[in-house]
Structure formats: C-alpha cells, structure tokens
1. Under 6 Å by Cβ, and 6 or more places apart or on different chains, what pairs join a residue from the stretch 62-87 that is touching a residue at least 12 places away in the same chain (Cβ under 8 Å) with one that is aromatic (Phe, Trp, Tyr) and part of a helix (DSSP H, G or I)?
2. Can you find a residue that is assigned to a loop (DSSP other than H, G, I, E, B), at pLDDT 95 or above and surrounded by 15 or more Cβ atoms within 10 Å (Cβ to Cβ) anywhere in the stretch 338-357?
3. What about SER179, is it within 20 Å of the chain's Cα centre (by Cα), at pLDDT below 90 and of a type outside the set (Phe, Trp, Tyr)?
4. Condition (residue is modelled with pLDDT under 95 and touching a helix residue (DSSP H, G or I) at 6+ places or on another chain (Cβ under 6 Å)) applied to the stretch 108-115: is it met by at least one residue?
5. Aliphatic (A, V, I, L, M), out of contact with any helix residue (DSSP H, G or I) (no Cβ under 7 Å at 6 or more places or on another chain) and in a helix (DSSP H, G or I): which single residue out of ALA254, ALA309, ALA234, ALA238 fits that description?
6. When only residues in the stretch 494-510 that are assigned to a loop (DSSP other than H, G, I, E, B) and in contact with an Asp or Glu (Cβ under 7 Å, 6 or more places away or on another chain) count, which is modelled with the lowest pLDDT?
7. Within the stretch 27-53, restricting attention to residues that are within 23 Å of the chain's Cα centre (by Cα) and surrounded by fewer than 16 Cβ atoms within 10 Å (Cβ to Cβ), which residue is nearest to ILE174 (Cα to Cα)?
8. Is it true that some residue in the stretch 275-291 is under 30 Å from ILE9 (Cβ atoms) and hydroxyl-bearing (Ser, Thr, Tyr)?
Amino acid sequence: MLFNSYIFILLFLPLTYALWTVARRFAGVSWAIAALLAASLVFYGASARFELLLLVAAIVLNHHLAGVIHRHRLTPLGRRWMRLAVAGNLLFLFVFKYTGFVTQTAADTLGWPAMAIHIALPIGISFYTFQQIAYLVDVARGEGEPWPLPRYALFVVFFPHLIAGPIVHHRELIPQFASGARTARIGDLALGLSIFTIGLAKKVLVADSFALVASPVFNAAAQGAQPGLFDAWAAAVAYALQIYFDFSAYSDMAIGLGRMFGIQMPINFASPYRSLSIVEFWRRWHITLSRFLRDYLYIPLGGNRHGPARRYLNVFTTMLLGGIWHGAGFTFILWGALHGVLIVACQAWRSSRFHLPLPAALAWLLTMATVILAWVPFRAADIATAGRVYAGLFGLAGELHMPALDYAPSATLELILGALHPGIAWNVWLSLGAGAAGLLACLSLPNVQTLFRRYGVGLPTRGYADGIEPPAFGRLGAAWRPHPLAAVAIGLLLAACILKLNDVSEFIYFRF
C-alpha cells in the first residue's frame, strides 16, 4: 500500500484513525496499541501476504532472542547470543536481498546461467532488519529492555516508517505508543495532516514531475543510447531533484502520520542540498541511516580512535557498506565507494595544514556538483549505463538532444527559447530551467521543521542537523499557526494532490 494512493488516503488512514480513537477512549492504552498494530499489519500485508509471514516470524524470533540476551546481558554468554542473533538477521537479509546479485554475478563470470537464483525482495526488509539488529545490540549492552511483544511488534511494523524509514530506535519510539494514546489531541491531527499534505504535494506535484525528465534519458541510456551533453545534465540534475523531493516527501509524510497519533518520529531529512560539504550532506541526508552506521558499524570498527589512516579506512568501509545496504548491484557499490572517497578527501583536506576555508558559494557549488555526479550510478540500471551518462556529462558524446518531455510549448514560448540559442531545442531550456527552479526551491523555501518549528516537529538526532534554519526562515515558521485560512490552503493542496493520484508511482526508497 502506498501513501500516495486513493486506498490509503481515503480508506485506510481514516479507518485506522477512527479505530485507534475509539480504542483509546473506550478501551484504554493497550487496546489502542493493539489497534495500531493490527492496522500496520494490514497495511503491510495488503500487498505482501507472504512477506507478512516472514515479517511476523522475524519479529517473534527476535523478541525471543532479545529475552535470552537480556537474561545474560553484559556477560560473555550474552555477547555470544547477540552475535548469533545479529548474524542470523544479516543472513536473513542476505538471502532475500543479495542472493540474486551474487548468483547472477557468478553465473555471468562462469558462463553457467543455471546458477542464477532470483528471490523476490520483501518490502522494507532492510529497514526492519536494521531496527531489530540495533535493538538486539542495545539489549546486550544493557541499554535496552525486553518490551512486551505487542509494543515491540508495533515498534517494528508501525506503518509510517515500516516501508522506507526512518530507521527508528526503540528508546525513542516504544515509550511514545502509550503516551501518544493518552495525550494526543485534535491539534495533533491537524498538525500531522498538514505536514502529511505538504509531503504528499512534494511527491505528487514535484518529484514525479522531475521523473518525467530523468527517466527517459536514463532508460534510453540503459538500452544503449548515448545521451548528449545537455540531455545528460538535464537528466542528472532532474534525478537529483527527483530523489530529493521524493525522499523529503516520504520523510515529511512519516512525521505527519506519526503526529496524527501523538507520536513524534525522528527527523530523517534536513535540507541536505543546503550543505557546504559532503560531510554536512550526510548529517542532513537519511539521518537515521547515518546514525545507525555510526553507532553500530563505524564506532565498533574503531571510529577515530586509532589515528588518521585507520579512521579514513573506517569511514570508507562504512560508506561502502552503506551503499550495499541500499541495493544489490555494482552501481550501489560504486555509489557507496564514491561517497566514501569524497568524505575521506573532505576530512583529509580539513585536517591538512594547507586547508583554507572556501567561500560559501564555492563550497556549495562543489558539494552539489559531487552529489549530482554521484547520483548517476545510484539511478543507472548498470555500470555501462552510468558510463554512458558520464560520457554525456563530460562532453564526450557531442550530439545535443533532449528526448525527455512529451509537451508542446506555445508558439511564443518556442520562439523565445529558440532565440536564446538556435542550436538547443526548446525542451532543453525548459528542463534546465525547471532544474534551476528546483535547486532554488531547495535553497530558499523553508522545510517542515522550520515551518512548524513552534510545535516541535520531529525528534532531533544527536550529532545531526535538525533542519531548522534561522533566522530568516524562523520568522516564517513562528508565524504559522492553526487558522481557517491555513485549513483552506491545506485542504486545497490535498485536493490538488488527490486529483493527481491517477498515475501512482512508488517512492524510490520503497525498493530498498
């Protein structure tokens, strides 16, 4: 079930909220938690019945293992049980996510097609597996407790985060299930619905529009076509904006949905395209994944405790594995490796005696250029496709064409755009203009954390940006409050989004 679908917005969400409201008012907190748990299982199982059985089995088994680990916490036996449990979860993830890639690679290398084994990828497996691994490790460290099964299960399957994050932590979410059921008010519903609607608009009205520019070029490149200079740049910038608004949309919608039920979700997206370095980018992009990689991979590897060389190796390894977490393929390995190299280079430059601070505009331009270039393998179907797009980006293809938009401009617009440069088609100018407008929006418009800052939107994550931008945006954020005009504006925006739901597209991070 997709957040941006008729069945979710017009049926599932109203029924779930009504059921939860009745349960908490007339039956108590435990029944309210049970109502949310049942609704979340229906949400997942509506389109993934077999995968639902796998999910339930993983929850029950991990809950039992957590109890065993807790009984032996802070002991060698407890650590052995923890390692066994973590290894089992990683094996579970490997079988379903990476078996096809590994066996297909072996089959291609050895020339034996029968070796390839392809298994359907359960929705959200990367997210709920990482959440449970973190819980098991924390229990072994004495930093977690064996919660009752219904609350633990809801922590794993709570529908706002189940499919595509954020990767929530048990300490920040489980206690809220009871407090939210006790304290949620109609104001939380209004605030949550407003944030959800803004996220829906980002997805339906903005992100999917940029996909119309990016997808045809990348798809053509996957079929062997060579993009030209302008179409390659238009596609690369369009995809950078598509994934930005797509992931920003989901992050906003998750926060909004949680708030409707009196629950604050962790901030997972904090205007990353305002970053002035690649290090800052990763403090703003997919914050909860960065937190997980820091706490459960980078620090256990040694962090920065063993000198610069070891620190750089740990950083690169962490980012490489972060790329592999996103998907099974050489393109994701390349994407993770690129970001690992970029972060190491940034840290080495900062610690160098030759380091000079760059002007903010130049730092932003360099950061955005590297981020856009790194998105190419993330989007490309394979390494060969990425190579063709890179060839176009660096001017190695020559021909200028733009097969991305099926749209006929007015005669006046075509005349104006043609006059700017007779050799460049009108739709190239239109695509590049849309890209410039999108980047300007990323830089200048307030995010939901800023817009609703007086209401404490989202849980901040220690060591990462919260996305609240002072001081200019702060005045706008402080001015927002419940008002009839605000309700009308949100209602009109929601109606506009619903009218655009005929062509439903999944969120990019649903695939991971």
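1. HIS63/TYR152; VAL68/TRP81; ILE69/TRP81
2. In the first step, residues of the stretch 338-357 are kept if they are assigned to a loop (DSSP other than H, G, I, E, B); the result is 352-357.
Subsequent filtering for residues that are at pLDDT 95 or above retains none.
Checked against the condition, which is being assigned to a loop (DSSP other than H, G, I, E, B), at pLDDT 95 or above and surrounded by 15 or more Cβ atoms within 10 Å (Cβ to Cβ), the stretch 338-357 yields no hits at all.
3. Working: within 20 Å of the chain's Cα centre (by Cα): no; at pLDDT below 90: yes; of a type outside the set (Phe, Trp, Tyr): yes.
Against the criterion (within 20 Å of the chain's Cα centre (by Cα), at pLDDT below 90 and of a type outside the set (Phe, Trp, Tyr)), SER179 does not qualify.
4. Within the stretch 108-115, the first condition is being modelled with pLDDT under 95, and the residues that meet it are 108-115.
If we keep only those that are touching a helix residue (DSSP H, G or I) at 6+ places or on another chain (Cβ under 6 Å) as well, we get 113, 115.
Checking the stretch 108-115: at least one residue is modelled with pLDDT under 95 and touching a helix residue (DSSP H, G or I) at 6+ places or on another chain (Cβ under 6 Å).
5. Numbers: ALA254 fails: out of contact with any helix residue (DSSP H, G or I) (no Cβ under 7 Å at 6 or more places or on another chain); ALA234 fails: out of contact with any helix residue (DSSP H, G or I) (no Cβ under 7 Å at 6 or more places or on another chain); ALA238 fails: out of contact with any helix residue (DSSP H, G or I) (no Cβ under 7 Å at 6 or more places or on another chain).
Matching residue, one of ALA254, ALA309, ALA234, ALA238: ALA309.
6. Filtering the stretch 494-510 for residues assigned to a loop (DSSP other than H, G, I, E, B) gives 500-507.
Okay, now just the ones that are also in contact with an Asp or Glu (Cβ under 7 Å, 6 or more places away or on another chain), so 505, 507.
Numbers: SER505: 82, PHE507: 87.
Restricting to residues being assigned to a loop (DSSP other than H, G, I, E, B) and in contact with an Asp or Glu (Cβ under 7 Å, 6 or more places away or on another chain), the top hit is SER505.
7. VAL42
8. Within the stretch 275-291, one or more residues are under 30 Å from ILE9 (Cβ atoms) and hydroxyl-bearing (Ser, Thr, Tyr).
The values are calculated or read from the model by the stated rules, or taken from the named source; none is laboratory data. Worth saying up front: this structure is predicted, and the values here are computed from it rather than measured. Here the Cβ is made from the backbone with ideal geometry for all residues, glycine too, and neighbour counts use every protein chain on show.
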